[in-house]
Structures are given as C-alpha cells and as structure tokens.
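Taken together, the values in this text are just the output of simple stated rules run on the coordinates, not laboratory data. Bear in mind the structure is a predicted one, so any value in this text is a computation, not a measurement. Here the Cβ positions follow ideal geometry from the backbone for every residue, glycine too, while neighbour counts run over all protein chains shown.
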Ligand SMILES: Cc1cc2nc3c(=O)[nH]c(=O)nc-3n(C[C@H](O)[C@H](O)[C@H](O)COP(=O)(O)O)c2cc1C
C-alpha cells in the first residue's frame, strides 16, 4: 500500500513517529510521502491524495486531537473507492524507575475515526504512542536519559505496529482504553471550549527575549505577534509548546503565579461581584426553566471570564515593561528555574 502520512507535531514526537512508520512503508516495498500539515491546515480545500493508505499522526492535547488537526480532518477530502486510513496519536509517556507510564487519549482517536469513516475511509489501524511528555507548562521536562529510553522503546513498538499493518493485519490497539477514554470525554470538551484559551494566555516573554523571531516564524497557527516590542500570544495559540521549547534564550515562560492569582480573582471575586451587581442569576432563574437558566448563567459567566482574561493579559503585558513587575511575574513562574527543564529531545 503506497502511503501518505499527514502529521502535525508541536515538538517533534508525532513527526518522529510518522518517520518511523514511513521507514517501514519503504522497507515493505511501498512508496511513502510525509506531509507536514502546518501550512495545509488553514486551507479550506485539500488536494485529494492518490495513495491507497492515508495516515494521520498528531499529539494529544486535552484528551483530544488539537484544533489544527481536527480542522484538517474536517476539511480532508472524501475517500476514493477502497482507500484505507490509520490513525496515530502521540501521548504523554513518562517513566518512573523502570516503569513506563502511558498517557491518556480521551476522544482523540474516536473522534478522528468517526470523521474518517463518515468520509468513506476504511480504518485499518489505530494506535496511541506514548512518547515523552512535552507539556512543560505542567511539569519540568524529563532528563535526557529518560527521554532517550522512552524514545528507544517507542521506536521499537511503533515499527512493530507498522510491520504488522503492512503485513495485512488490522490493529485497533487504541480501542482497548475505550471505557476510560469515554469517561474523560467531558474533560476533552471542556478543554476544547475553555481550557485551551486559558492556556494560550499563560505564555509570556521575559526581557531575555532577543527578538530573534523564532517563536513567531515557527508557530504553526500564527498565534504570536509583537505588542510593545514583546511576543504576545493570541487566543489562536494551541499550546503546542514549540515556541517555549525552541526559544534559544529560555525567555518564554508559563506565568504560574500570575495565572493562579488571576484564576482566584476572576472566578471568585470578578464573576461573583458582577452577579451581585447585575443580579442576573436571580433574573434568569425566575424567568427561564431550570436547565435553560443554568446554561444561560454558564454562558454569561464564560463570556465575562474570557473578556476579563483578555483585558488582564493585555494589562499584564503592558506592565511587563516595568522592571519590578516583570521580576514579580517571572520569578513566580516555575518555568524560570533551572530545574524546570525544557523538552528538547536529542535524536
Ligand atoms: C497542551 C497540551 C495538552 C496535552 N494533553 C495531553 C493529553 O490529554 N493526554 C496525553 O496523553 N498527553 C497530552 N499531552 C502530551 C503530548 O500529547 C505528548 O507529549 C506528545 O507526544 C507531543 O507530541 P509532539 O511533540 O508531536 O507535539 C499534552 C501536551 C500539551 C502541550
């Protein structure tokens, strides 16, 4: 089966997995095309591939595929007769002592499979690959030795998976976790609707930024631009971690202290205060049926939350020009400290 693999990769894991599969495609005597979707993803129409087998590889973000991959799948052409597909999601693999720990897929594979089936593709393989976690807003990057040992193990299992696929065996390994994946599905939806936007507003650039523009040039969704001579992250950011991990001066931080303070202020003080002022909860519950009232309150609170977040992120960005404020924000970010490694796998 001649194969085209479309991949999105923030920090190289999904790209690496696609390359391993592509090696096996060629080893099995077929032609292989690797296509990075960074540029294709913003297009409304995508050229119909003529390969018999189409692969899709992407990291898992918030128990789902990231929006860039979801949009790409959505706009991907319908299948030609007999065209097959496989799906690979890379996840947050970890290692404790000798134990390799898996990540969680959520609806990443399930949703992608549904879209592809509706487009007429026959899914022949679905596989999660637990590559080293790159989510360094949440945890420090792993030591190089650990990263290398996870990668070595995953290369072996991915190639074995690909060999099986090219020998004609179907493989639905991703479905083994279907129960836990469905249980966490509501979190996937919350991440898609709210979480990713909040994360986008946690990034800042310190005065160590040398304006090399690497973060701006490499951002797959053009989410970063300059405001007041400093990189500024718009709501388009998907937190793929490419900018933070690639920054040559480690100037990009996740503003933990700021985010925690802001969360408390917005959620408890801001929304509660506005509610007392406008009394919208009482008004809605007396005029609407219960479920409609709850949904409306949720919608109103979300709008308030996002408007506040935007205003305060702008304000923080403005205040960063003052040395003492910058110090406060930067030194209350865990990512500032040396022990909080970046994710830079050496291949
Ligand atoms: C914003 C964000 C969300 C993530 N969410 C998940 C998740 O829900 N489940 C999981 O197993 N890994 C999650 N991860 C980890 C990545 O999916 C994993 O490290 C992946 O291999 C990165 O691939 P890449 O280098 O191709 O971007 C997340 C990473 C980021 C940055």
(request) Mind jotting down the three principal axis lengths of the range 72-167 based on Cα atoms? Whole angstrom, largest first. (result) 48, 33, 16
(request) Among 163, 154, rank each residue by its count of other Cβ atoms within 10 Å, from fewest to most, as a rough exposure measure. (result) 163, 154
(request) Assuming R0 = 22 Å, can you tell me the calculated FRET efficiency for the pair residue 277 and residue 307, based on Cβ-Cβ distance, to the nearest 0.05? (result) 0.90
(request) Express in nm, to one decimal, how much length is gained between residue 287 and residue 185 on full extension, taking 0.36 nm for each residue of separation and deducting their alpha carbon distance. (result) 33.5 nm
(message) Over all directions, how big on average is the projection of the convex hull of the alpha-carbon atoms in the range 193-336, in square nanometres?
(response) 9.4 nm²
(request) Subtract the Cα-Cα distance of residue 36 and residue 52 from 0.36 nm times their separation in residues, and report this length gain in nm to one decimal. (result) 3.9 nm
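Report the full-extension gain for the segment residue 44 to residue 267: residue separation times 0.36 nm, less the Cα-Cα distance, to one decimal in nm.
Contour length minus Cα-Cα distance gives 76.6 nm.
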(request) Rank 279, 228, 134 by mean-square fluctuation in a GNM of the chain with C-alpha springs under 10 angstrom and give only the top-ranked residue. (result) 279
(request) May I ask you to give the average projected area over all directions of the convex hull of the Cα atoms of the range 3-185, in nm² rounded to one decimal? (result) 10.3 nm²
(request) Could you check which residue among 87, 35, 330 shows the biggest mean-square fluctuation in a GNM of the chain with a 10 Å Cα cutoff? (result) 35
(request) Considering Cα pairs under 8 angstrom that are at least six residues apart, work out the relative contact order of the chain and quote it in whole percent. (result) 16 percent
(request) Kindly provide log₁₀ I(q)/I(0) values, in the same order as q = 0.06, 0.10, 0.12 Å⁻¹, from the Debye equation applied to equal alpha-carbon scatterers of the chain. (result) -0.25, -0.68, -0.94
(message) Suppose only helical runs count, i.e. DSSP H with n ≥ 4. What mean residue ellipticity at 222 nm does that imply for the chain under -39500 (n - 2.57) per run, divided by all residues and rounded to the nearest 500 deg cm²/dmol?
(response) -13000 deg cm²/dmol
(request) Give the calculated FRET efficiency between residue 229 and residue 159 to the nearest 0.05, with a Förster radius of 35 Å applied to their Cβ-Cβ distance. (result) 0.15
(request) For an R0 of 35 angstrom, estimate the FRET efficiency from the Cβ-Cβ distance between residue 213 and residue 178 and round to the nearest 0.05. (result) 0.20
